[in-house]
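One structure is given below, encoded as structure tokens.
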């Protein structure tokens, strides 16, 4: 599984219909009204950890190929 930056993950989410809703500390929260999915992305330096990436993909319903 490849690593991905936080910035790229946010762009991928926005391209897939997620809208930046709010930020709570160091976490950005995206929301998609079509299926009412909410995704939390931690804003930390460096690439996302594999476990965090899997969690974001599960929350968003996206696959690794779409990233």
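The values are calculated or read from the model by the stated rules, or taken from the named source; none is laboratory data. Computed from a predicted structure; not experimentally measured. Note that each Cβ is placed from the backbone with ideal geometry, even for glycine, and that neighbours are counted across all protein chains shown.
Assorted remarks:
- When residue 65 is tested against the conditions (1) loosely packed, with under 13 Cβ neighbours inside 10 Å; (2) in a loop (DSSP other than H, G, I, E, B), the lone failure is (2).
- The set of residues from the range 3-29 being touching a helix residue (DSSP H, G or I) at 6+ places or on another chain (Cβ under 9 Å) and surrounded by 14 or more Cβ atoms within 10 Å (Cβ to Cβ) comprises 4, 9, 12, 13, 16, 18, 28.
- All positions within the range 35-46 that are at negative phi and modelled with pLDDT under 95: 44, 45
- Restricting the first member to the range 7-28 and to residues that are closer than 12 Å to residue 48 by Cβ, and the second to residues that are loosely packed, with under 13 Cβ neighbours inside 10 Å, the beta-carbon pairs closer than 8 Å and six or more apart or on different chains are 12/66.
- Restricting attention to the range 30-60, the residues being within 21 Å of residue 3 (Cβ to Cβ) and either out of contact with any helix residue (DSSP H, G or I) (no Cβ under 9 Å at 6 or more places or on another chain) or surrounded by 12 or more Cβ atoms within 10 Å (Cβ to Cβ) (or both) number 21.
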